[in-house]
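Chemist: Below you will find the structure I want to go over with you.
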Amino acid sequence: MKKYAKSFGFKFPVAIDPDWRTLKQWWLDTGKRDWTSVSFLIDRHGVIRHIHPGGQYVKGDKAWAEMKGRIEELLAEK
């Protein structure tokens, strides 16, 4: 996982949920989701501040720019 995170240029913690416990609780159990590759941005207080609903996002896409902007906002917070 470290290799993939580095290849995407991520310089922030990446969580892994091998039993899907968190993913099921927050995402899949609603029955309204199409993807399992959801991304949650969590602030320093443990509050979910942004959710990317899954699927691919790559540099240059609107979703990528939004994720990058949200990450920068969270890192700038005191």
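Chemist: Cross-link partners among lysines for residue 24, C-alpha distance below 22 Å, same-chain residues fewer than 8 apart left out?
Modeler: Output for residue 24: 32.
Chemist: In what sequence, largest accessible area first, do 37, 7 appear using a 1.4 Å probe?
Modeler: Heavy-atom accessible area, descending, gives 7, 37.
Chemist: Taking only Cα atoms and a 10 Å spring cutoff, compute GNM fluctuations for the chain and point out the largest among 11, 59, 68.
Modeler: Evaluated over the chain, the most mobile residue of the options is 11.
Chemist: Translational D (Stokes-Einstein, µm²/s) of the chain at 25 °C and 0.890 mPa s when Rh comes from the Kirkwood sum over C-alpha pairs?
Modeler: In µm²/s, the coefficient is 179.
Chemist: Got a number for the accessible area of residue 1? Probe 1.4 Å, square angstrom, nearest 10.
Modeler: Surface open to solvent at residue 1 totals about 120 Å².
Chemist: On to the next question. When the helix-only estimate is applied to the chain (DSSP H runs of n ≥ 4, each -39,500 (n - 2.57), divided by the residue count), what is the mean residue ellipticity at 222 nm, nearest 500 deg cm²/dmol?
Modeler: -10000 deg cm²/dmol
Chemist: May I ask for the angle, rounded to the nearest 10°, between helix 62-76 and the longest principal axis of the chain, with both axes built from Cα atoms and the value confined to 0 to 90°?
Modeler: Compared with the principal axis, the helix lies near 70 degrees.
Chemist: If you don't mind, there's one more thing I want to ask. With labels modelled as points extended 7 Å from the Cα through the Cβ direction, what inter-label distance (nm, one decimal) is found for residue 1 paired with residue 71?
Modeler: 1.6
The values are calculated or read from the model by the stated rules, or taken from the named source; none is laboratory data. Just so we're clear, the structure is a prediction, and the values are computed from it rather than from any experiment. Glycine gets a Cβ as well: all are built from the backbone with ideal geometry, and neighbour counts include every protein chain shown. The protein model used for the area step is the full one, side chains on, heavy atoms only, and it has no ligands, DNA or RNA in it. Shrake-Rupley method; radii C 1.70, N 1.55, O 1.52, S 1.80 Å.
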